[in-house]
Amino acid sequence: MSSEVTLCIHNATIVTMDSNSTIVDNGYVSVSGDTIVDVEAGLPPQYESAKLLDAQKGLVLPGLINCHTHVPMTLFRGLADDLPLMDWLTHYIFPVERNMDEDFVKVGALLGCAEMILSGTTTFCDMYLFEEQVAEAARESGMRCLVGEVLYDFPSPNYGQLDEGFRYTENMIQKWQDDPLVSVAVEPHSLFTCSPSLLEKAADLASKYGVPLITHLAETRDEIDQVVEKYGKRPVKHLLDLGLLNENLIADHCVHLDPDELDLLREGGVRVVHNPESNMKLASGIAPVPDMLERGIAVGIGTDGCASNNNLDMFGEMDTTAKLHKVSKMDPTVTDALTVLKMATVEAAKVLGLEQLVGSIEKGKKADVIVVDTHKPHLTPMYNPYSHIVYAARGSDVRHTIINGRLVMENRNLLTLDLSEILARARQKAELVRGWVTRGS
Ligand SMILES: [Zn+2]
């Protein structure tokens, strides 16, 4: 039985990111409902009632996957930069987060979803407070996501005491478990803000429902020192002794790791998220990504929150990833363009456990696809699509965005979100932020 084609993107150079890294010149991608049913060269057949999208010889590639962010922090973008971490947290971020409510987080999340769709991101992985609002914003915008409420030892502005945090997380897991786009993870913040018992309980909850456990790991030198002082061992050993260094763990940052610790991550099957721009901006350090890749560790790329980046543009993040490791290793051959694009697509999908669904343009996969307009001075002529995507293109070059077979941006117009309304609401929230910061400092 042939299923009816509902959408066809044609006249395209298709960067499939399949296991052979196939590029289809002058081809088309056909979609039926939420699924890719054809990826072929040449002209498409005459479909009865499919929506036709002419890529105008542009690049068609899998939607980008932002593996780690705190989306609602879009409302703190540019609030305070160039400060030592403790200053920044104490005088700006904490006073604001203490005052936040559901509506604040919802507006920040909608703003982030708009930015991500406009820059070609189709899936994101989020950790924040009032996370139910992030899931709702993703649902309204039509984005795919893996989200989780941040858990730590202190009372939270959202759920209060920790027991309530676990209840909130479990409710979210149950509520969204059959959703086609939204999945929920258990997300203890870090080893220096979470006691061993919190971490163990979080891991138990994650395995009870078969969902990932996500935490920040070895982000800063300070964190290493604090964990050593408290537990007499470095973070990776601490996780190993707790029995948490396994396939279910997604570890964000992983900046300060020695070769033995990298071996332990590989042996445990831990998945890693690299956030180069945040690590640079906060002067955290350079994660040993080439060494991870050499060991076969799955590594995805994330932007981290907007307050430490300051955008959610995965094109910029890919560019930075490629260049940072070249200069760090003093070797221009490391983190080549194809390798880096994998870290934002097919490898990223592996990191989030979504590789059966997304990450490449192949028959049977969900239709998360973006179209990049190459009729631009900075993208003409084109010798190598991977090079253009990683080193020359920007999020603003994305012309159409499709998620789960649904067109969510056409000709740079958002179809699921009212951008001017979101911008107006964001400006209102900024007035609140200004007041909170003045009173809190
Ligand atoms: Zn983070």
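What to note about this one:
- Every listed requirement among (1) open to solvent by 10 Å² or more (accessible area, probe 1.4 Å); (2) within 16 Å of the ligand (Cβ to nearest atom); (3) farther than 20 Å from residue 290 by Cβ is met by residue 210 save one, (2).
- Contacts under 7 angstrom Cβ, first residue in the stretch 293-318 being more than 17 Å from residue 123 (Cβ to Cβ) and hydroxyl-bearing (Ser, Thr, Tyr), partner in a helix (DSSP H, G or I) and open to solvent by 10 Å² or more (accessible area, probe 1.4 Å), 6 or more apart: 308/281
- Selection count where residues are surrounded by fewer than 18 Cβ atoms within 10 Å (Cβ to Cβ), more than 14 Å from residue 153 (Cβ to Cβ) and free of Cβ contacts under 8 Å to residues at least 40 places away in the same chain, scope the stretch 176-204: 3
- Total residues in the stretch 391-411, condition touching a helix residue (DSSP H, G or I) at 6+ places or on another chain (Cβ under 7 Å) and either without any contact (Cβ under 8 Å) to a residue 60 or more places away in the chain or open to solvent by 80 Å² or more (accessible area, probe 1.4 Å) (or both): 2
- Residue within the stretch 249-267 that is touching a residue at least 40 places away in the same chain (Cβ under 8 Å), open to solvent by less than 10 Å² (accessible area, probe 1.4 Å) and assigned to a helix (DSSP H, G or I) present: no
- Within the stretch 116-161, tally of residues that are more than 14 Å from the ligand (Cβ to nearest atom), crowded, with 24+ Cβ neighbours inside 10 Å and of a type in the set (Phe, Trp, Tyr): 1
- Meets criteria (open to solvent by 70 Å² or more (accessible area, probe 1.4 Å) and in a strand (DSSP E or B)) for residue 20: no
- Residues that are in a helix (DSSP H, G or I), within 21 Å of residue 17 (Cα to Cα) and within 16 Å of the ligand (Cβ to nearest atom), drawn from the stretch 283-319: 314, 317
- Selected residue (only one of 208, 201, 237, 233 is outside any helix (DSSP H, G or I) and either out of contact with any Lys or Arg (no Cβ under 9 Å at 6 or more places or on another chain) or more than 25 Å from residue 285 (Cα to Cα) (or both)): 233
The values are calculated or read from the model by the stated rules, or taken from the named source; none is laboratory data. Keep in mind the model is a prediction, meaning the values are calculated, not measured. When we count neighbours, we look across all protein chains shown, and the Cβ atoms used for this are built from the backbone with ideal geometry, even at glycine. Please note that ligands, DNA and RNA were not included when accessible areas were found on the heavy atoms of the full protein model with its side chains. Shrake-Rupley method; radii C 1.70, N 1.55, O 1.52, S 1.80 Å.
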